[in-house]
Amino acid sequence: NAESWGKRSIHEKMESRLTLLLPAVAFVILFCIPRPVREAVDYPLPSPLPLTGAWAFDKSLASAGKIGENVLSGCESFVVDEKRKIGYCSAERSVIAYHFGNQTTETIAVVGGRLGGLQIDGSGNVFVADFSKGFFRVDQTSRITNLVATEADGLPFGYPDDVEVAQDGTLYLTDATQVYLTKQWPIHSFDPLYPFLVDYLSAKPSGRLIKIDPKTGEVTVLLQDQYFLNGVALSADESYLLLTETNALKVKRYWLKGEKKGLAEDFITNLPGYPDSIHRGSGSTFWLTIFNLRFPYLESLSPYGFLKSLILRLPASYVNRLATGVHHSLVVQVNQDGKVLRSFHDNSGAVNPITSCVEYDGKLYLSSMFQNAVSVFPLE
């Protein structure tokens, strides 16, 4: 009848107008709404090292045990004070201690922001990165928390990530990126994946290595313009640092002493996945954490700066979908020459994605901000 025909005609007109409006709406979202990141650049990546030899895939980590279930939850990092037999976990907003003797836990500090890497000094004080605030020191005795640093060279930290402590108390800090700033992206401040993706897609190196003198408090930038500078570890003789440059898929060595002092050089390149933390192991070895093999959709976009610029205009939930594929984490033992000695893997979800790995008392302690416990894997 005429009435139903009239209603259908109105609906058709509305659908037609909406169809015409959609491109305009998309244009406004992509180009007119202010966003901190507007442009990305082409950044082709080399092919990954094959998973053969010492890299060969196994499922050994799937059998790892657990400690601190539902308490040591969401640990971005886990370190051990061997002298006092205490492990420390950087949970979402708190530093939690795990006592190996009686297997008990206690919260020693509530920092407030999303916590990243942490380390201890010779006196048992804990230093921890807060992604949104800076670097903090938690006193071993009083449990008082003090802010150590929030900027370097007049530039506020964009994404405080990891910390290492020398025997003399010197601090080495990584500021992962200036592309992703928690003050600019408050809604995503505690999203563990999005900052990495924003930095990766933009392909604009801005990560920094920072040194703090324990006597004077002087803050010095040692290295800058790095692709998401993440983990940091001192060598046994403290002559160099190893640094994970996540979005360049490599590990770098930065010399602190000797003829090469102040020089940064490639240590391992073309990694099969994204390196996260790195810690000194037994002897002169290191344990490198690769939180996931390369994401194929993400990798395919690397050479196309304009397309990545469009994607960076989208909400975080859509950008995060690029990090899909096989969930496969591994930890790799390397010697002081960068030779891979062995690796252990998991693609079952039992421990992955792994964000930190430390060796203690013949075992590996594996932590993840996505797991509800710290995993324990015995070494043979």
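The values are calculated or read from the model by the stated rules, or taken from the named source; none is laboratory data. Predicted model only: the values in this text are computed from it and were never measured. Cβ coordinates were reconstructed from backbone atoms using ideal geometry, including for glycine residues, and neighbour counts include every protein chain displayed. Quick note on the areas: whole protein, heavy atoms, side chains included, nothing else; ligands and nucleic acids left out. Shrake-Rupley method; radii C 1.70, N 1.55, O 1.52, S 1.80 Å.
Working from Cα pairs under 8 Å separated by at least six residues, relative contact order for segment 261-333 is 34 percent. The simple Förster model, with R0 at 30 Å and r as the Cβ-Cβ distance, assigns Leu263 and Thr150 a FRET efficiency of 0.60. Once you keep just the Cα pairs under 8 angstrom separated by 6 or more residues, what percentage relative contact order results for segment 215-283? Normalised by residue count, the contact order of segment 215-283 is 28 percent. Note on segment 30-185: with charges restricted to the Cβ of Lys and Arg (+1) and Asp and Glu (-1), its dipole about the Cα centre is near 460 debye. Rolling a 1.4 Å probe over the protein heavy atoms of segment 228-380, with every protein chain left in place, gives an accessible area that is 53 percent carbon and sulfur. By the Stokes-Einstein formula, at 1.306 mPa s and 10 °C, the chain with its Kirkwood radius over alpha-carbon pairs has D equal to 73 µm²/s.
Calculated on the alpha-carbon coordinates, the convex hull of segment 296-380 measures out at 140 cubic angstrom per residue. In the chain, the longest principal axis of the Cα atoms and the axis of helix 2-27 are about 40 degrees apart. The alpha carbon convex hull volume per residue for segment 223-365 rounds to 120 Å³. Using the Karplus relation 6.51 cos²θ - 1.76 cosθ + 1.60 with θ = phi - 60°, the per-residue 3J(HN,Hα) values for segment 163-172 come to 9, 10, 10, 7, 4, 8, x, 4, 9, 10 Hz, with x marking Gly and Pro. On a per residue basis, the chain carries 45 Å² of accessible surface, using protein heavy atoms and a 1.4 Å probe. The distance between label points at Ser94 and Asp237 comes to 4.3 nm (points 7 Å beyond Cα on the Cα→Cβ vector). Applying both filters, DSSP loop and at most 13 other Cβ atoms within 10 Å, to the GluC sites (Glu not before Pro) of segment 72-171 gives Glu82. For the residue pairs Lys257/Lys339; Lys66/Lys339; Lys133/Lys252, alpha carbon separations beyond 28 Å are given by Lys66/Lys339. If R0 is 45 Å, the Cβ-Cβ spacing of Asp42 and Lys83 corresponds to a FRET efficiency of close to 0.35.
The aspartates and glutamates whose alpha-carbon is closer than 12 Å to the alpha-carbon of Lys215, local same-chain residues fewer than 8 away aside, are Asp168.
The value of relative contact order for segment 272-380, using C-alpha pairs under 8 Å at least six residues apart, is 25 percent.
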